[in-house]
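To start, the structure under review is shown below, and the notes come after it.
The values are calculated or read from the model by the stated rules, or taken from the named source; none is laboratory data. If you're wondering where the values come from, they're calculated on a predicted model, not measured in any experiment. Backbone-built Cβ (ideal geometry, glycine too); neighbour counts: all protein chains shown. In case anyone asks, the SASA skips ligands and DNA or RNA and just uses the protein heavy atoms, side chains included. Shrake-Rupley method; radii C 1.70, N 1.55, O 1.52, S 1.80 Å.
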Amino acid sequence: MTILALRLSRQANGVSAIHGRVSREMWQSVWPGVPKKEIPIRHVTNGIHTFTWMAPEIRQLLEKEEGVFTENDLAEAGQWKKRVDFKDKEYWTVHLKLKTRLLEFVRNNVRNQRIRNGVKPEEIRAAQLMLNPKALTIGFARRFATYKRAALLFRDLDKLAAIVNDPKYPVQFVFAGKAHPADEGGKKLIQLIVKVSEMPVFRNKIVFVENYDFNVARHLYHGCDVWLNNPTRPLEASGTSGEKVITNGCLNFSVRDGWWDEAFDGTNGWAIGEDGLRLEPEVQDEFDAFSIYEILQHEIVPLYYEQDSDGVPKRWIDRVRRSLMTIGPVYNTQRMVGEYAENFYKRAAEKGRMFADNQFAKSRELAVWKDRVRNAWSGVKANGVTWSGGNGTTVSVGDSVSVSAHVLLGSLKNEEVAVEAYVKAVDPQGPSLAIRLEPTGEVSQGWVKYAGRVEVKDSGNFQFNVRVRPSNPSLTQAHELRLITWASNS
Ligand SMILES: *Cc1c(COP(=O)(O)O)cnc(C)c1O
């Protein structure tokens with residue numbers, strides 16, 4: 001279905017920068033011969049509808065001094081900046097109210113769960129004692145697809161028990177989520193979480209809330225202190241629940257994947273694990289779990305419990321401000337829809353009108369042209385690439401390299417193709433560019449010499465080649481016809 005959609009579309013996008021890159025790698029074969037960077041899949045990072053997920057009490061706080069916060073303000077960094085100037089104490093009072101509401105919601109949910117399961121009356125009553133309103137509360141709620149690794153926290157139960165049961169600095173976890181009915185792996189994860197939550201060391205401190213839905217999710221987004229997200233990289237296309245929590249002052253503690261890789265700046269939450277490591281899944285799990293325990297113990301817990309005599313954690317609230325200020329204006333639908341409009345829809349609308357005008361004159365013309373180019377393409381050839389000006393394949397900044405090749409276009413005309421020098425750093429992370437070459441005269445029997453200069457902006461080892469692709473101003477993609485001929489080395 002993806003291939004069908006890509007072939008029938010003129011624009012495609014991933015939902016975060018990483019997702020765009022991964023998609024270009026995954027679907028490179030849909031554009032054979034086209035370098036990865038030129039695969040026409042871009043990205044717009046997902047955002048959330050802020051006012052749907054922001055607790056009304058938080059909205060009131062943000063509006064108290066600065067007046068009504070409107071949809072149009074949401075993508076304005078200045079708006080968030082001035083609104084986070086609330087008093088620490090006022091924010092903390094609101095937060096504790098929302099947290100208490102969450103704890104009561106969880107207690108009722110568990111109570112009903114126990115009544116339904118027919119457990120002993122004292123256990124039903126005990127549900128009213130579960131969770132501590134003063135304890136650092138960490139939430140995890142989403143679909144239980146296995147790549148999201150809901151049970152990663154439980155890799156080392158002794159370590160976890162030490163964190164949860166610290167007598168001065170307790171930590172508690174609320175889990176919620178559903179697995180797809182056919183996902184046995186996901187269902188096993190839920191069983192494991194429920195089992196751990198019933199172990200005496202974790203009782204009343206790790207809770208699984210049943211019947212996950214929007215309402216359960218909303219309570220968690222409003223009342224948690226920290227939001228845990230630990231998918232296997234790079235499988236989380238964007239993720240959005242972490243965007244919903246920031247609007248309520250909850251801080252993200254997440255693997256750098258999807259949106260969080262773009263949003264995390266070292267001051268607005270915490271990143272799990274190290275960036276850019278490619279490990280075997282089992283090793284990766286071990287590595288990330290270790291990182292979770294370390295950061296919890298040494299950074300998150302100490303910061304949360306650094307509270308003044310009123311119980312207000314000032315430095316924690318500064319981090320909440322950073323989170324609201326840096327994430328609020330970017331990861332919302334206001335910004336997202338704007339990007340879709342500017343980068344995709346406007347262009348599609350303009351092209352649509354152009355193709356529809358005069359009873360689809362341009363569409364017909366382009367269709368006829370494409371047919372002709374496809375039929376003629378086997379006659380297109382290129383060879384005899386030369387370059388000079390650099391020191392072999394090593395070039396330095398400021399070098400001007402002249403490139404030429406012999407090209408045969410068969411029945412096609414020069415205006416119907418683009419002949420390009422393609423220059424690529426040997427280092428796969430390095431730059432690449434395509435420079436248009438111009439015909440300089442016939443060599444023999446229809447073969448034409450094309451030449452041009454490449455001005456080098458980076459030093460290093462480069463590879464040069466020459467390619468021919470169809471070109472027409474009505475095309476939407478450079479590689480729309482999926483025809484590309486690279487020069488052979490003969
Ligand atoms: C936002 C949302 C999600 C998405 O959560 P991720 O952590 O991004 O996977 C899932 N379920 C509900 C109910 C949501 O509101």
Screening ASN211, ASN268, ASN204 for residues that are at negative phi and of a type outside the set (Val, Ile, Thr) leaves only ASN268
Test result for GLN172, over 29 Å from ASP318 (Cα atoms), open to solvent by less than 50 Å² (accessible area, probe 1.4 Å) and more than 16 Å from the ligand (Cβ to nearest atom): no
Go through ASP275, ASP265, ASP288 for me and flag whichever is acidic (Asp, Glu) and open to solvent by less than 40 Å² (accessible area, probe 1.4 Å). ASP288
Report, by residue number, each residue of region 213-229 that is under 23 Å from the mean Cα position of the chain (by Cα), touching a residue at least 12 places away in the same chain (Cβ under 8 Å) and within 11 Å of the ligand (Cβ to nearest atom). ALA217, ARG218, LEU220, TYR221, TRP227, LEU228, ASN229
Among the residues of region 465-490, how many are open to solvent by less than 20 Å² (accessible area, probe 1.4 Å), within 34 Å of the chain's Cα centre (by Cα) and under 12 Å from VAL423 (Cα atoms)? 1
For GLU57, all conditions in the list (1) outside the structural domain of TRP259 (by TED's automatic domain parsing); (2) more than 16 Å from the ligand (Cβ to nearest atom) hold save one; what is the number of the exception? (1)
Tell me which residues, restricted to region 175-212, are touching a Ser or Thr at 6+ places or on another chain (Cβ under 9 Å), within 16 Å of the ligand (Cβ to nearest atom) and assigned to a strand (DSSP E or B). PHE175, PHE208
Residue pairs meeting the criteria (Cβ under 6 Å; at least 6 apart or on separate chains; first in contact (Cβ under 8 Å) with a residue 60 or more places away in the chain, in region 151-170; second part of a loop (DSSP other than H, G, I, E, B) and among the polar types (S, T, N, Q)): LEU152/ASN230
From the option list LEU96, LEU103, LEU62, single residue qualifying as open to solvent by 30 Å² or more (accessible area, probe 1.4 Å), assigned to a helix (DSSP H, G or I), modelled with pLDDT of 95 or more and closer than 24 Å to THR137 by Cβ is LEU96
Taking first residues from region 274-289 that are aromatic (Phe, Trp, Tyr) and second residues anywhere that are at pLDDT 85 or above, the pairs with Cβ under 9 Å that are 6 or more apart or on different chains are PHE287/GLY273
Residue satisfying all of: in region 65-93; of a type in the set (A, V, I, L, M, F, W, C) and not in a loop (DSSP other than H, G, I, E, B); nearest to the ligand (Cβ to nearest atom) among these: TRP80
So, GLN284, is that one assigned to a helix (DSSP H, G or I), at pLDDT 95 or above and over 16 Å from the mean Cα position of the chain (by Cα) or not? no
Within region 370-387, take every residue that is within 16 Å of VAL466 (Cβ to Cβ) and open to solvent by 60 Å² or more (accessible area, probe 1.4 Å) and give me the one that is modelled with the highest pLDDT. LYS381
Identify the residue in region 237-276 that is part of a loop (DSSP other than H, G, I, E, B) and either among the aliphatic types (A, V, I, L, M) or closer than 14 Å to PHE140 by Cβ (or both) and, among all such residues, is nearest to the ligand (Cβ to nearest atom). GLY239
State the number of residues belonging to region 1-59 that are among the aromatic types (Phe, Trp, Tyr) and open to solvent by 50 Å² or more (accessible area, probe 1.4 Å). 1
